[in-house]
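Some notes on the structure that comes next.
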Amino acid sequence: MRASAIYIIIAFNYFVGIYYGIVNLLYTILLTISFLAIVRYIKRIKYSPFKDFMSSRETPPVSILIPAYNEEKIIIRTIRSALSVNYPFFEVIVINDGSTDNTLQTLIHAFQLRKKDRAYRKILKTTGVKGFYSNVELPNLLIVDKENAGKPDALNCGINVSRSPYFCTVDADSILENNALIRLMTPVVESTVPVIACGGVVRALNGLALKDETISEIRLPESRLAVFQIVEYLRAFLFGRVGLDAMNGILILSGAFSLFSKASVIEVGGYRARNVAEDMELIIKLHRHQIENKRPYKIKFVSDPICWTEVPETLTMLGRQRRRWHLGLIQSMVQHRTLLFNPRYGKVGLFVMPYYLLVEMLSPVVEVLGYVSVVCSYILGILSFEFLLIFLTLAIFYGIFLSTAGIYLEEITYRRYPKWGHLMRLLAYGVLENFGYRQINSFWRFQAALKYIVGMRKWEHVEKGSPDNRLASSRP
Amino acid sequence: MKDLFTRLDLKMILVIIILAVVLVIMALVFATIFRRASRSKRYKILDRHREFFSNKIIECLESGTVSNIIEELASPPNSVKWHAMQEILLDFSATGKHRENLKSIFMGIGYVDYYEKKLSARNNITKASAIDKLGKMRCERSTDKLIPLLKDENPEIVIVTVRSLSKIGSPAGLRGILEKIPNLLSRSLVTVKTIETSVANFGSASIPLLIEYGEKYHDPMCKALILEMLSAFGSSEAIPLALSHLNHQDPEVRSKALKVIGAACNGLDDSLITQAAALLSDPVWFVRLQAAKALGNLRYEKAIERLGDTLIDNNWQVRNAAAMALTKFGNRSLHIFLGTLLYKDRYAKESICEEIQGTDFIDVLFENMNAKDVCVYKKSKQILEIMKSLSYCTPFHEYLKTGTDEKIKYELEIILNQEQSPPI
């Protein structure tokens, strides 16, 4: 019995070793691709025509969709920031998804809204709309009051109401930089291959100084958890997504800030209700539809348009968010499993989907089980203390390398954190996050996998920001 | 022994990998800190130069003594001063003022020569960057050097060249772009939007040339693009070209031709507008949409009945465009609206109500409550009653709160208090 256990553990240890070797090799390749792509992109920004598009009548109109559920504390700030973007033709559509607090009343009062009669065309199926509100002096603001049915349904409702060929989704707790929308649209207008979706960078809003609903000073937050997330976001956006974008292999565009071609989204039936990561599911659906119909297309990630959003500052809320994200990833992968290793879907089927399955989806499971296995191996005397230490050191140093690379990419590109103190703190947190933060993250994602297996697939309530100044951001 | 050897080997390999990773981390940290320090120093010097020379250049531009400072402004290419100066001058150039003086500075201190040399660079980013700079400097001299780049195989180079030529704005540049359009579009080297955005920069002086090429090209994509660009100018010069394409086999061309006609607003006789009105029954929805818009803009009364038929189009955008067009005819379209509101389907009614609310036609209906013409009064009241029955009555309540005419208020109150809806 003991002998079989030892064999199993040894075999698993080998598997973990090989798995991590391959994963780290893939990360290194991705990092190299990202480095080259981002350096080239930064040079290209210098002759980007976004300023020309800002004043051009040929720039396509965009609807900014802001789904809101119980957001009375922050919705005004978000709308004011959306209304102040530099873009020639846009409308802001706020979808009040049956809020039980005073979100609607707050909006009516703040923008002096009046009820408006308007036909509601259910191009995409949604729950009922209770009313429309607008102000003649703010012709590009429309509030839709609807029955509660969740974020995907609210977004579908926004698509039905939108009258622009493109729409941009923005979370209710986010602030757009003034040029973010035009920068996001630029590759769409410039590309000779149709760009059907385009995502920008999301960064942590926590700690920033705001004046008149715009960012007046960029600072790092006091909360350590928030700073860990800043480092994590830099890594995820500046090398993860840039690398995958270079291969037209983006499967995740953040729902907090992404632009879509409305016709393409309607063609695939819009957002899928009851999916906890509706943004990822939509992107996979778009890839699938375009490939099946043999249409040339691009789904792009652009690293210079920035949207600032609140991140959780407590472990409980962060845990819920990460479980939800991972659960959504698993749901989407399972829903579209036919793409996996399917040559019909080209590199999406043969590389991107397997990458997300084997690296993004399975890595927390392998990591947590790996920790258990290493401890067992040590207890059973299979693994020497020396080797245990070497493996651990390698894992930690590789993690530090990835974080430092993310910070370096930020430094050579956008340098949003201007002070020396910011840089030093980010570098320090890039080291520290490998001692606990990364492991706990893997544990939450492991929990999500277990939850999926036992059928617990509901949206977990997440409140962002600090506990003292908590911003409700829950979804039923 | 062999096992020990293998283990030692593995250990060595792992230790070497760890050391390599540590070295890379240290290199990255050092590079990050070094870059921050060097950038900070560079930006300080740049700011100093910008501040110093900016005022000086303004003074010279205002006083017209540019030639005096050219020597002082000159600096070795790619030095900090060179970049500072370039930024200042390009910022001035973007304002469109002192164009000639700025051109002589750009040429005098060698920027134009420098970037023209870079046009033959092998690196596409360097080349594109040079093209962009030349465009921003707006020197006509560079046009001839830029036009051959429209033949480049790289879309990025072609796109930047089109934009730069449009910034320079010389007729030769426009001709160069128009000449290459079929090749550029057929090989997907540039997007239609890029050409549209860029050609607008040439202004109305480009109309004759656009017409010339609109007649010359047979490819529907090129024709549609040129008609679209012409529609942006709203000029009557383009009407003959548009009219000759109303029956083109490609729907995109037909719709763009209608757009030109709708934008021109005048200069058409009845027989020509009748041709446009015939397209209200085109099989393609966006042609019908443009036809409705054009007839609304032209306020062509004889098309009112035809627009009325379009109110029950199966496409909601066309319905809304027709309703919007009809609102522009004022009281002359009352009977059309009423006819559709009384007898036609729900979707058509909603489109009409939406457009009546969205335009100032609702005010026309309110004013008609005071109309001396009984027929106008009755029809308007009936429309308002139907709107109320369809729950499109927010403007009624608003008028009751903020309106000043007591007669209108009285009539609206009667409508709002009606329990029985009129027959629909």
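Below, the figures for the structure above:
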| read-out | value |
| --- | --- |
| Alpha-carbon spread of segment B:282-424, three principal axes, descending order, Å | 46, 27, 25 |
| Cα-centred dipole magnitude for chain B, charges only on beta-carbon of K, R (+1) and D, E (-1), debye, nearest 20 | 1900 |
| Space enclosed by the convex hull of the alpha-carbon atoms of segment A:116-255, per residue, Å³ | 160 |
| Accessible surface, 1.4 Å probe, highest first, among residues A:Cys376, B:Cys353 | A:Cys376, B:Cys353 |
| Simple label model, 7 Å out from Cα along Cβ direction - A:Val136 to B:Glu301, nm | 2.9 |
| Residues in segment B:242-281 that a label on B:Asp309 would reach, taking backbone N under 12 Å of a point 7 Å out along Cα→Cβ | B:277-281 |
| Overall form of segment A:1-104 per C-alpha gyration tensor (a/c, 1.5; a/b vs b/c) | oblate |
| Computed FRET value (nearest 0.05) for A:Ile42 with A:Ile396, which takes r as the C-beta separation and R₀ as 35 Å | 0.70 |
| Computed E for A:Leu380/A:Leu25 - FRET, C-beta separation, R0 30 angstrom, nearest 0.05 | 0.55 |
| Built amide H within the under 5 Å cut-off of A:Phe301, gap 5+ | A:Gly199 |
| Unit Cα scatterers, Debye sum, segment B:1-121: log10 I(q)/I(0) for q = 0.14, 0.21, 0.23 Å⁻¹ | -0.72, -1.14, -1.26 |
| Euclidean distance between Cα centres, segment A:50-88 to segment A:325-397, Å | 39 |
| Paramagnetic reach from B:Leu416 in segment A:132-150 [backbone N under 14 Å; point 7 Å along Cα→Cβ] | none |
| 23 Å Cα-Cα threshold exceeded, pairs from A:Lys115/B:Lys378; A:Lys46/A:Lys285; B:Lys259/B:Lys349; B:Lys293/B:Lys401; B:Lys103/B:Lys193; A:Lys46/B:Lys118 | A:Lys115/B:Lys378; A:Lys46/A:Lys285; B:Lys259/B:Lys349; B:Lys293/B:Lys401; B:Lys103/B:Lys193 |
| Under the Debye formula (equal points on every Cα, no solvent term), log10 I(q)/I(0) of chain A at q = 0.06, 0.14 Å⁻¹ | -0.27, -1.51 |
| Carbon + sulfur, % of accessible area of chain A - ligands and nucleic acids excluded, 1.4 Å | 60 |
| Chains B and A, summed buried accessible surface - 1.4 Å probe, Å², nearest 100 | 4700 |
| Label-point gap, in nm, between A:Val365 and B:Arg187 - each point 7 angstrom along Cα→Cβ | 5.0 |
| In degrees, nearest ten, helix A:151-161 long axis to first principal axis of chain A (Cα) | 30 |
| Tensor-based shape of segment A:58-178 (alpha-carbon gyration tensor, a/c under 1.5 rounded, otherwise prolate or oblate) | rounded |
| Intensity falloff of chain B expressed as log10 I(q)/I(0), Debye formula with alpha-carbon point scatterers, at q = 0.10, 0.14 Å⁻¹ | -0.87, -1.13 |
| Dipole-positive endmost among A:Leu26, A:Ala277, B:Leu19 within the protein assembly as shown (Cβ charges, Cα centre) | B:Leu19 |
| Per-residue [θ]222 nm for the protein assembly as shown (sum of -39500 (n - 2.57) over DSSP H runs n ≥ 4, rounded to 500) | -19000 deg cm²/dmol |
| Accessible area of B:Met107 in the full protein assembly, 1.4 Å probe (Å², nearest 10) | 70 |
| Rg to Rh, two decimals, where segment B:189-344 supplies the alpha carbon set and Rh follows Kirkwood | 1.01 |
| Accessible area per residue in Å² at 1.4 Å probe, computed on segment B:255-414 | 43 |
| Computed accessible area, B:Asp405, all protein chains, 1.4 angstrom probe, square angstrom | 50 |
| The protein assembly as shown: translational diffusion in µm²/s, Stokes-Einstein, Kirkwood Rh over Cα pairs, 10 °C, 1.306 mPa s | 51 |
| Convex hull volume per residue for segment A:61-125, taking Cα atoms only, in Å³ | 109 |
| Centre separation in Å (Cα based) which lies between segment B:10-40 and segment B:49-88 | 42 |
| Under-5 Å amide H pairs with A:Ala204, H placed in peptide plane, nonlocal only | A:Thr309 |
| Separation of the B:Thr359 and A:Ile123 label points, Cα + 7 Å toward Cβ, nm | 2.2 |
| Among B:Trp316, B:Ile352, B:Phe337 - extreme Cα towards positive end, dipole of segment B:298-359, charges at beta-carbon | B:Phe337 |
| Spatially proximal aspartates and glutamates relative to B:Lys145 (Cα-Cα < 16 Å; intrachain offsets below 8 disregarded) | B:Asp113, B:Glu116, B:Asp132, B:Glu179 |
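The values are calculated or read from the model by the stated rules, or taken from the named source; none is laboratory data. Because the structure is a prediction, the values reported are computed rather than measured. So basically every Cβ, Gly included, is an ideal-geometry build from the backbone, and we count neighbours across all protein chains shown. Accessible surface is based on the protein model in full, side chains and every heavy atom, while ligands, DNA and RNA are left aside. Shrake-Rupley method; radii C 1.70, N 1.55, O 1.52, S 1.80 Å.
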